[in-house]
Amino acid sequence: MRSSNLEQSLSQRGISRREFLKFCTVMAGTLALESTFGSRIARALEAPKRTPVIWLELQDCAGCSESFLRASRPSAAEVVLDVLSVDYHETIMAASGHLAEEAKAATIAAGGYLLVVEGSIPTADNGVYCTIGGRTALDIVEEAAAGALAVVAVGNCAAFGGIPKADPNPTEAVGVMELVTNKPVLNLPGCPLNVVNLTATVVHFLTFGALPEMDDLGRPLFAHGARIHDNCERRGHFDAGEFVRAWGDEGHRKGWCLYQMGCKGPVTYHNCPTVRWNEGTSWPVGSGHGCIGCSEPGFWELGAYNTVEIFDATPPVAFPPVEQPAQTISPASAGVIGGVAGVVLGAAAVATAKQLKSEEED
Ligand code: SF4
Ligand code: F3S
């Protein structure tokens, strides 16, 4: 939807200026900026120039589009949608067929757009396993990325290959950054994407003209800079050695730590405990299930697919790194901090495992 006046558009949706400014302040907080950046964000969102968006949906389940459409944190997505011009999203746009493809071609020809990619890209047999409008996803991504200001890969499939890439990966699926090496690529993994993080990324891009600082997996630090384990509401129980040992046991009913039930929170970097889901209602661990590490590479095999791993009482396995194009690597310090955290975590996990084993033997 296009509107020449953001304020008018907000008012049509029943969103007051106070709510809009509050949203800008919340975004500043989500981006780990001082609250004073709220007014700068507001000015950027109110600028008359719109940034076009092309949203490609490829080899996926559409869960991230669903997450995007279900966004209901007051007006967040609506505000961003109003500032952006989503020229092409074949799943939700009114046009179809040739008209839809023409809209995309016109946006690509004009340049200066943000490319959002959802889903992995199959590369086997020249990419024939995902075709849209008679063209392969491989071809479409390469063309759209060439003229993009930046590329945002949403969901684990677009970021790291996700479920389509799980063994035996019959379509030889890859994530965006394995294909696009000449543009800034930001990964917003998760299964699905948390739309709050997409909104914040877009707000950052519109306000500062650049993608936010990333970790060595191309994920924004504001959303993936801390481990689930460090902000988890059950952490006190972990520290006290109070663990759920069977679904529905007393510890489970009391909200104790899910580590022994296979929780991957200690090796997963995501802001789920603080941002939460569904307007901040809850999140996986909050609702009683361990984290399955859906924001990490290879999560489907190491965290979710293998039912031994998902509920295994052994220490969580470390997720493997993925290859990363040079231009998306964040400052070395982030990697060093992550590495140190990983070593400390590894030692803590082994110590806890020993403690649990000795408890069981007693
Ligand atoms: Fe929370 Fe999981 Fe860490 Fe326990 S192991 S404190 S449930 S993140
Ligand atoms: Fe995913 Fe774990 Fe968050 S499963 S949604 S990263 S709590």
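Report whether or not G241 is within 16 Å of ligand 1 (Cβ to nearest atom) and without any contact (Cβ under 8 Å) to a residue 12 or more places away in the chain. No: the conditions fail for G241. Among the conditions (1) free of Cβ contacts under 8 Å to residues at least 24 places away in the same chain; (2) more than 25 Å from P48 (Cβ to Cβ), G119 misses just one, which is (1).
Can you tell which of L221, L217 is open to solvent by 20 Å² or more (accessible area, probe 1.4 Å), within 14 Å of L188 (Cβ to Cβ), touching a helix residue (DSSP H, G or I) at 6+ places or on another chain (Cβ under 9 Å) and in contact (Cβ under 8 Å) with a residue 12 or more places away in the chain? Explain how you work it out, then say what you get.
Numbers: L217 fails: open to solvent by 20 Å² or more (accessible area, probe 1.4 Å).
Just a single option satisfies the conditions, and that option is L221.
Considered as a group, the residues in the stretch 95-111 that are open to solvent by less than 30 Å² (accessible area, probe 1.4 Å) and touching a residue at least 40 places away in the same chain (Cβ under 8 Å) include one that is farthest from L58 (Cα to Cα), and that residue is T107. Taking the criterion of being open to solvent by 10 Å² or more (accessible area, probe 1.4 Å) and more than 16 Å from ligand 2 (Cβ to nearest atom), the residues of the stretch 182-198 that qualify are N182, K183, P184. If you go through the stretch 227-241 and keep only what is open to solvent by less than 40 Å² (accessible area, probe 1.4 Å) and within 16 Å of ligand 2 (Cβ to nearest atom), you end up with R227, I228, H229, C232, R234, F238. Sub-7 Å Cβ pairs linking a first residue in the stretch 286-298 that is within 9 Å of ligand 1 (Cβ to nearest atom) to a second residue that is open to solvent by 20 Å² or more (accessible area, probe 1.4 Å) and at pLDDT 95 or above, at least 6 apart or interchain, are C291/P284, ordered by first then second residue.
P212 meets all of the listed conditions (1) away from ligand 1 (no atom under 16 Å from the Cβ); (2) at positive phi; (3) buried (at least 16 other Cβ atoms within 10 Å of the Cβ) but one, namely (2).
Working only within the stretch 272-284, note down all residues that are within 13 Å of ligand 1 (Cβ to nearest atom), of a type outside the set (A, V, I, L, M, F, W, C) and either modelled with pLDDT under 90 or out of contact with any Asp or Glu (no Cβ under 8 Å at 6 or more places or on another chain) (or both).
Listed by number, the residues that qualify are T274, P284.
From the list F222, F238, F243, the lone residue that is of a type outside the set (D, E) and within 27 Å of A200 (Cα to Cα) is F222. Checking R227, R234 one by one, the residue that is more than 23 Å from T123 (Cα to Cα) and modelled with pLDDT under 95 is R227 and no other.
Residues are listed down the side, and each one gets a yes or a no for (1) more than 10 Å from ligand 2 (Cβ to nearest atom); (2) over 27 Å from A200 (Cβ atoms); (3) modelled with pLDDT under 90:
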| site | (1), (2), (3) |
| --- | --- |
| G255 | yes, yes, no |
| P266 | yes, no, yes |
| G286 | no, no, no |
| W300 | yes, no, yes |
| N306 | yes, yes, yes |
| P315 | yes, yes, yes |
| V322 | yes, no, yes |
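Residues in the stretch 159-212 that are out of contact with any Asp or Glu (no Cβ under 9 Å at 6 or more places or on another chain), in a loop (DSSP other than H, G, I, E, B) and among the β-branched types (V, I, T): T181 only.
The values are calculated or read from the model by the stated rules, or taken from the named source; none is laboratory data. Quick caveat: nothing in here was measured; it's all calculated off a predicted structure. No Cβ is skipped: glycine too gets one built from the backbone with ideal geometry, and neighbour counts run over all protein chains shown. Keep in mind that these areas ignore ligands, DNA and RNA; they rest on the heavy atoms of the full protein, side chains included. Shrake-Rupley method; radii C 1.70, N 1.55, O 1.52, S 1.80 Å.
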